[in-house]
1. Quick check on the stretch 38-71: of everything there that is part of a helix (DSSP H, G or I), in contact with a strand residue (DSSP E or B) (Cβ under 6 Å, 6 or more places away or on another chain) and among the hydrophobic types (A, V, I, L, M, F, W, C), which residue is nearest to SER81 (Cα to Cα)?
2. Pairs under 6 Å by beta carbon, first residue among the polar types (S, T, N, Q) in the stretch 58-69, partner not in a helix (DSSP H, G or I), six or more apart or different chains?
3. Name the one entry in ILE4, ILE44, ILE17 that is at pLDDT 80 or above and surrounded by fewer than 13 Cβ atoms within 10 Å (Cβ to Cβ).
4. Scan the stretch 1-18 for residues that are β-branched (Val, Ile, Thr) and not in a strand (DSSP E or B) and jot them down.
Amino acid sequence: MRHIYVADVNDGFCAAIHTIFGDVIQIDCGGQKYEAAFNGLKRILNHFSGLDIFILSHFHIDHYNGLLYASTDFTSKSCFSPNLCSIVISPSVRSGLRI
């Protein structure tokens, strides 16, 4: 692993792993307040041109809330979750994902 980025989203979790192969893996993006969650996601994405994998660990707002407010520029090649990515991510955002 090359780097781990963790964003301060107050009560929640938002982190990314930049692998030695150059892949970017985003793990969750949430917070009790959407502003903190979305700003956390933006701070992490500023380091990269895009995401390769998004992992949603579970369906709690403090782990997915930032995705609800992500712009249509948010894309990921793959999404893994407990069968919830298609529910959580809006259709306009989901168009860039392979679910």
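The values are calculated or read from the model by the stated rules, or taken from the named source; none is laboratory data. Here the structure is a predicted model, which means the values were calculated and not measured. Neighbour counts run over all protein chains shown; Cβ positions are idealised from the backbone, glycine included.
1. LEU67
2. Close Cβ pairs (under 6 Å, with a partner that is not in a helix (DSSP H, G or I)) amount to ASN65/GLY30; ASN65/GLY31.
3. Within the list ILE4, ILE44, ILE17, the selection yields ILE4.
4. Applying the first criterion (β-branched (Val, Ile, Thr)) to the stretch 1-18 yields 4, 6, 9, 17.
Result: VAL9, single match.
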